Amino acid sequence: MSSASSLLIDNTKLHSQDCPFEIGNTPLRRFQIIIQGLRHEICVKDESANAFGSIKDRVAWYILSSEMVKNPGVRHFVDASSGNYGYALASIGRELGLDITIVSSPSITAFNAAGIRGAGARLVIAESEHGESSNAARMRVAAQIAEETGACFLNQYESGLNPACHRVWTAPETLEGNRFDACFVSASSGGTGRGFADYLAGSDCRTQLMHVEPPGSNAFLDAESSERGPSLPGFGSGRKSTFSAELKAPEMIRIEDAHAVAAFTVLRDISILPIGLSSVAVVLGAIEWLTRQSEQRRVVCMCADGSERYADELESRYIAALEPAAIRQIREGLRPVLEKLRPC
């Protein structure tokens, strides 16, 4: 284990460029696809290449390091997470010798739960009260723990540092020096979408920002369907994102959870694009957008994590929740499209 003093050389200036871990500068993986006779390029920003495996590594480091500057004597930090952020925060805390408590929901993946505990962090599962979203339950319990123990509540779901991380770090790293016609992001906390929107609003970049969420998500726009809320980790939210306030209504593409799961299995079978479930949905959103285009386009998809986080539970959790006939039909429709993806 590395000590905090050895890793945080300048404790008064902690920015993304000072990160002591291999977070950021993730690869852009280029693919081409022919749709209706047009050859398009889809670039995948592979955030699974971060030190602890997801885009949330950036947020965890950015928020934690900033709070450590503000509260240099605090050694116990608590926050709410659906999974990836908690995994990242626990992993960073282990390296810095900090006490970390993560409050998650019963829906957390086995991969992330094991990783959080394996990093030595405390994992608390918050049960929702009547009419309460899982997100709100996590935040409520995390705040209670902070009050009871004196821990610092990082509050990623409401901290302006969450979107700021993407505005000053992820977005410029992805978009500067690249010509993309559109950029596709998914929403959970909403920090990525808001950070990219703020970056684009303050730059000369003409890339169109597209949000991809399931029909039951309320993260940025009201849900299109009330029959079922979001069920895939990190894909959509049952509550309105704090970061949607004072933001122009985003361009939105809705992708069903079942389509993301079916496409995940197709990509696995054809051994291409080993990305996570929400990332698969983002790629499907990009492909849907490309079908509407009348000329060649170049797009980038923000892919939050890798397939390894879902592989062990794919059959028992995600496929088992769907009708077998429905998943077969969706697979049959998606396979010819996804087989057109070719590495550049």
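Just one of the numbered conditions (1) surrounded by 19 or more Cβ atoms within 10 Å (Cβ to Cβ); (2) of a type outside the set (A, V, I, L, M, F, W, C); (3) not assigned by TED's automatic domain parsing to the domain that holds ALA304 is not true of ARG167: (3).
Say we look at the range 100-115 and pick out the residues that are assigned to a helix (DSSP H, G or I), out of contact with any Ser or Thr (no Cβ under 8 Å at 6 or more places or on another chain) and among the aliphatic types (A, V, I, L, M); which of these is farthest from PHE52 (Cα to Cα)? Of everything passing the filter in the range 100-115, ALA110 is farthest from PHE52 (Cα to Cα).
Of the helices (runs of 4 or more DSSP H) lying entirely inside the range 247-344, those carrying at least 3 residues that are touching a helix residue (DSSP H, G or I) at 6+ places or on another chain (Cβ under 8 Å) and not hydrophobic (A, V, I, L, M, F, W, C) are 257-269. When you scan the range 189-211, do you find a residue that is touching a strand residue (DSSP E or B) at 6+ places or on another chain (Cβ under 7 Å) and more than 22 Å from PRO27 (Cα to Cα), even just one? There is no residue in the range 189-211 that is touching a strand residue (DSSP E or B) at 6+ places or on another chain (Cβ under 7 Å) and more than 22 Å from PRO27 (Cα to Cα).
The listed residues are SER82, SER66, and the only one of them that is at pLDDT below 95, surrounded by 18 or more Cβ atoms within 10 Å (Cβ to Cβ) and farther than 27 Å from LEU341 by Cβ turns out to be SER82. Within the range 116-135, being part of a helix (DSSP H, G or I) and out of contact with any Phe, Trp or Tyr (no Cβ under 9 Å at 6 or more places or on another chain) holds for ARG117, GLY118, SER134. Evaluating ARG254 against the criteria (1) surrounded by fewer than 19 Cβ atoms within 10 Å (Cβ to Cβ); (2) closer than 27 Å to ALA137 by Cα; (3) charged (D, E, K, R) leaves one unmet condition, (1).
The values are calculated or read from the model by the stated rules, or taken from the named source; none is laboratory data. It should be emphasised that the depicted structure is a prediction, and the values quoted were computed from it without experimental measurement. Cβ coordinates were reconstructed from backbone atoms using ideal geometry, including for glycine residues, and neighbour counts include every protein chain displayed.
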